[in-house]
Amino acid sequence: MDTALATHWSAGSDRGAAAESAALEHIAREVLEATGVAVVFYRPDGTPVSGSGEFQDDLAHLVREAAESDEDHFERAGERLRAAWPVRRRGRTVLVAAAEAPASGDADVADPRYTSGLAALGCAVRARLDLEAARRGNEAISEALCQSFEEVSLLHGLGEMLRVTQPVSELLECACRELRETIGAEATAAYLPAAGNMEPETVVAGRLPFDESQLPRLMDHVLDTLGSERPVLINNHCRDDPALAEVSVALERLILVPLPLREGVSGAVAAFNRPGGEFGSPDAKLTRSVAGSAAVFVENHRLYRELRELMLDLVRALVSSIDAKDPYTSGHSERVAMTSREIARRMNLPDEQVERVYMAGLLHDIGKIGTPEHILQKEGRLEPEERRIVNEHPVVGGHILEAVKQLEPIREAVLYHHERLDGSGYPEGRKGDQIPLLARIIGLADAFDAMTSNRPYRPMMSLDEVKREIERNVGTQFDVRVVDALLSFDLDRLMRMFAERSTPCAQLV
């Protein structure tokens with residue numbers, strides 16, 4: 001009763017107050033049908049709330065006395081006995097029930113024999129109010145549990161997708177789709193304006209009640225009018241807003257939650273229209289939870305990109321210093337990295353694997369940092385001892401990277417990129433699937449770049465010669481799946497890109 005029947009008398013919720021009044025009317029009818037006595041419910045100030053009877057105004061003074069004294073009050077008015085019973089919740093009177101009944105000729109309100117019937121009725125009314133309060137409380141708890149379950153389920157689903165290597169658009173698509181299904185909206189949308197080095201993002205789930213090209217304009221308008229102190233907007237009367245009505249007269253209801261980004265820029269998550277009902281606070285809470293998770297992801301994604309770019313810049317600087325030791329291999333590591341990344345994409349490997357193989361390509365020759373320059377720069381074929389020293393570079397590279405646990409998959413690719421499927425490679429003579437897939441990709445990309453580059457001991461080979469050499473060594477040196485991926489794209493175009501050194505490899509077709 002404290003949250004159901006009592007508190008709404010002073011609350012500003014019209015819908016809640018109407019529900020409470022209906023519940024009290026129902027109780028009054030039950031009492032009238034069972035006892036023939038009309039009961040009226042009042043606020044403590046004597047204002048009638050609900051109930052039936054022609055004596056409502058006559059009982060107001062008795063109600064106020066009962067509320068002030070916090071005790072049952074009885075009085076006789078002609079041939080009638082009247083009673084008022086305070087109803088307390090949390091230490092205060094929140095409601096007063098009142099009734100009257102016929103009085104016998106010598107009835108005296110000071111005599112319990114004459115007031116016992118009304119006193120018993122008061123106890124019964126209080127008990128019925130307690131029962132109704134318990135029922136409504138249980139309903140409120142059940143509804144809250146359902147809402148919490150929906151929120152937890154929604155956030156759990158989003159949590160499973162929160163990987164900083166994942167594109168922002170994919171996370172926003174999942175968030176909008178799950179939110180739409182949970183709250184039953186016709187459409188949901190996420191909007192991120194351009195900020196820093198981030199491109200604008202607009203994602204929609206469902207069918208918008210207006211042209212999608214109008215979404216940024218609508219979002220900006222609502223964000224401008226929302227203000228910094230209102231974290232969420234619920235508008236169930238959008239047609240009353242001229243700016244929203246101008247966008248579309250089909251837009252009836254809207255929930256919007258700002259999506260704060262850095263430097264004061266805000267995006268938004270929004271839901272549009274819901275057949276058969278208005279949006280309420282539970283819908284706003286779910287939308288706000290989704291927006292909060294999305295904001296954290298977007299910020300983490302931005303930080304990840306910045307850190308990744310910083311790391312790649314540092315790696316490229318290190319690799320450039322190694323490549324500079326041998327003028328014949330200048331740019332070799334970058335070309336191997338780009339070729340390896342494209343092979344991985346053609347093999348439909350996960351994005352995380354694609355990024356790893358690119359990093360492994362950059363670092364695959366890092367072990368040459370310990371190789372003497374006179375060997376690296378030697379013109380002509382190497383002596384056996386010199387070849388042995390050069391062949392140690394995968395092991396040296398593995399040792400350099402082993403201190404970083406997060407680089408273990410990359411370290412393995414660096415360590416084993418000179419292994420061969422038939423076991424004739426080095427440093428361990430691994431065979432077949434004993435060689436990690438990333439190492440097999442790096443091995444082919446490394447061989448491809450070596451064959452298509454000039455060396456002191458031979459000129460670069462033609463692409464036809466390279467293809468024949470690669471195909472001749474499928475199954476012995478190279479993995480057939482990796483070879484198929486390499487040969488599936490335009491190698492002439494790849495070579496032109498390497499020559500230009502300005503076109504991103506991601507544009508390959």
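No lab work stands behind these numbers, since they all come straight from the coordinates. Here the structure is a predicted model, which is why all the values come from computation and not from measurement. All Cβ positions, even for glycine, are placed from backbone atoms using ideal geometry, and neighbour counts span all protein chains on display.
What the table shows:
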| read-out | value |
| --- | --- |
| Per-pair calculated FRET efficiency, R0 = 45 Å: Asn454 and Glu299 via Cβ, rounded to 0.05 | 0.45 |
| Pair Asp108, Val315: separation of 7 Å Cα→Cβ label points (nm) | 10.1 |
| Distant-in-sequence amide H partners of Ser50 (H built 1.01 Å from N, under 5 Å) | Phe41 |
| Amide N proximity, the range 436-479 versus Asp490 label position 7 Å along Cα-to-Cβ, cut-off under 15 Å | none |
| Relative packing of 404-411, 283-290, which averages over residues the other C-beta atoms within 10 Å, highest first | 283-290, 404-411 |
| Label-point separation in nm, Glu373 to Glu170, each point 7 Å along Cα→Cβ | 4.4 |
| Distance (nanometres) between label positions extended 7 Å along Cα→Cβ at Leu131 and Glu33 | 1.3 |
| Hull shadow area, averaged, the range 304-449 [alpha-carbon convex hull, nm²] | 8.7 |
